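Following: one structure in structure tokens, then a few remarks.
The values are calculated or read from the model by the stated rules, or taken from the named source; none is laboratory data. Quantities reported herein were computed from a predicted structural model and do not represent experimental measurements. Glycine gets a Cβ as well: all are built from the backbone with ideal geometry, and neighbour counts include every protein chain shown. Ligands, DNA and RNA are excluded from the accessible area calculation, which covers all protein heavy atoms including side chains. Shrake-Rupley method; radii C 1.70, N 1.55, O 1.52, S 1.80 Å.
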Amino acid sequence: MKKDEVPQDKSNLESANFKELCYAVDENGEYTTVNSSGWDPKTIALNKAIEEIKERVENAKQRVLNNKTSPIEYYMEFHKMDLPILASYVGLWKWRVKRHFKPSVFNKLSNKTLEKYADVFDISIEQLKNIELHAD
Amino acid sequence: MQINFTHHQSAHCENGVISNLMKHHGFNVSEPMAFGIGSGLLFCYIPFLMVNHAPAFTYRALPGIIFKRFAKRVGIKIKREKFKNPQLAKARLDENLKNNNPVGLQVGVYNLVYFPDEYRFHFNAHNLVVYGKEGDTYLISDPVMETVTTLTDKQLEKVRFAKGAFAPKGHIYYPIDFPKELNLEKAIIKGIKHTCRDMLAPMPVLGVKGIRHTAKLIRKWPKKKGIKKANHYLGQIVRMQEEIGTGGGGFRYIFAAFLQESSKVLSKPELSELSKEMTDIGDLWRDFAVDASRIYKNRSAKDDAYNNVASQLEVIADKEEVFFKKLKKAIK
């Protein structure tokens, strides 16, 4: 990649007001560094990934409202987590967390366990029990 | 208190921390040098590790390993510690800052508040330097950022004790012992040899063979996984290749810069020629990213398009195979 080929496309980096560093060759074929504001192919890849997460969150939300799963799954998706990550944050076995996705099991959870989840998601227990109290 | 530390922006966090810490201690080691000596370049497909609901592909060595190899090869000693207890981790950090010693930390990205929201995923192998503390605020030099920044002690504790794969566990590291002069020549040769070995390894998921394996997978994805998943997986490959901290072209440009610098250190003009070749291969990786992005941009891609990008990867694999064989000969 030549110095003047370093892409300067619009990207999500703009919001944080920073540019990333790229390596490229100058007129004499010597390597140098150039700042880049972003590149479309990866902006598209990132935006697609974010879109997908939003879909997952929306899907989980509907299933919570239909009493198909517990709010824990919604908050997990909201925080871009998956089962292994959530399990390691709350310090429980994966199968236990998965069990807590069942609304019937979730409704019987002790305050202590609920507290663990609420801490990880940085919300109150009321919000954990009722996702409509969660501002997203 | 603030240590007199100079922040230099880098393309990749781990190399950047190595380079910045070395410069602080009076050794002028560039980012590509750190990357090359630490044998950072790689290609690996990790089928059993799912990242963001897609299989993981990596273009570089495992977190932490670049610094480890670099230290061994140039003869510096690094002190490393991990903690169970956040208080202890904080105490050790404060102690070092008090002794005027900037330290490297491994952190998770998800709670890194100065990163743009869109970039905050559960990725735990980010690296930064802490170079001071004012009240409850730590002074942070994050190598991928243009300038220095800060984190409160709460925010820092959160990222140091992020959970999940590669959990940092408060990982703190800093060089403690330096030789009088760095012996770069030997270290460069060792670094290059190791990279050649990795890239030419007779393993189906590693190096050149890994790239070919990935090409085969891409051909199968649309039928086996459906268009939606295929696109998601393809997007993941491009993101791993081009995201912040890669310097573009899946680290190939940084490696080319390393070869160029090495050709001067070792007075081997062949390496400079090979550097040009690696730059061209980096360009091919970028062409691949452009074509792949066309596929996941419009959802209704034909099978043909997947075969097309797969063929591109196969061409890259062939070129890299020839390249690393030549490189191996050049440093004999």
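Quick notes on this one:
- Amide proton proximity set for B:VAL107, modelled H, under 5 Å, gap of 5+: B:HIS126, B:ASN127, B:LEU128
- Per residue, the convex hull spanned by the alpha carbons of chain B comes to 125 Å³.
- Sequence-ordered 3J(HN,Hα) estimates for region B:72-85 from the Karplus curve with 6.51, -1.76 and 1.60 and θ = phi - 60° stand at 5, 6, 9, x, 9, 10, 10, 9, 10, 9, 10, 10, 8, 9 Hz, glycine and proline given as x.
- Sorting A:118-124, A:72-78, A:3-9 by average packing, meaning the other beta carbons within 10 Å per residue, from highest down gives A:72-78, A:118-124, A:3-9.
- For B:THR150, the amide hydrogen comes within under 5 Å of the amide hydrogens of B:ILE140, counting only partners 5 or more places away or on other chains and with H modelled in the peptide plane.
- 10 Å Cβ neighbours from other chains, averaged over peptide A:48-56: 4
- Taking other residues whose beta carbon is less than 14 angstrom from the beta carbon of A:ASP82, and scoring Lys, Arg as +1 and Asp, Glu as -1, yields +2.
- Share of Cα-Cα pairs in chain A lying beyond 25 Å, as whole percent: 46
- 3J(HN,Hα) along region A:9-15: 7, 6, 8, 5, 5, 4, 4 Hz, from the Karplus curve 6.51 cos²θ - 1.76 cosθ + 1.60 with θ = phi - 60°, whole Hz, x for Gly and Pro.
- Computed from Cα positions, the angle between helix B:303-330 and the longest principal axis of chain B comes to roughly 60 degrees.
- For region B:225-236, the Karplus equation 6.51 cos²θ - 1.76 cosθ + 1.60, evaluated at θ = phi - 60°, returns couplings of 10, x, 4, 5, 5, 4, 5, 4, 5, 5, x, 4 Hz by residue, with Gly and Pro reported as x.
- Accessible surface of region A:52-133, 1.4 Å probe, proportion on carbon and sulfur as whole %: 49
- Residues of region B:147-187 whose accessible area (probe 1.4 Å, heavy atoms of protein chains only) drops by at least 40 Å² once all protein chains are present, relative to their chain alone: B:LYS163.
- Amide proton proximity set for B:PHE43, modelled H, under 5 Å, gap of 5+: B:GLY207
- Checking the cross-link pairs A:LYS2/B:LYS190; A:LYS42/B:LYS319; A:LYS94/B:LYS229; A:LYS80/B:LYS169; A:LYS10/B:LYS228; B:LYS82/B:LYS158 against a 18 Å limit on the alpha carbon distance flags A:LYS2/B:LYS190; A:LYS42/B:LYS319; A:LYS94/B:LYS229; A:LYS80/B:LYS169; A:LYS10/B:LYS228 as lying beyond it.
- Neighbours of B:PHE5, meaning other residues whose beta-carbon lies under 13 angstrom from its beta-carbon, give a summed charge of +1 when Lys and Arg score +1 and Asp and Glu score -1.
- Nearby lysines by direct alpha-carbon distance to B:LYS186 (threshold 22 angstrom, same-chain neighbours under 8 apart not counted): B:LYS23, B:LYS68, B:LYS72, B:LYS77, B:LYS264, B:LYS268, B:LYS325, B:LYS326, B:LYS328, B:LYS329, B:LYS332
- The Cα-based radius of gyration of the protein assembly as shown, divided by its Kirkwood radius, gives an Rg/Rh of 0.98.
- Here the mean projected area of the convex hull built on the C-alpha positions of region B:184-330 is 8.6 nm².
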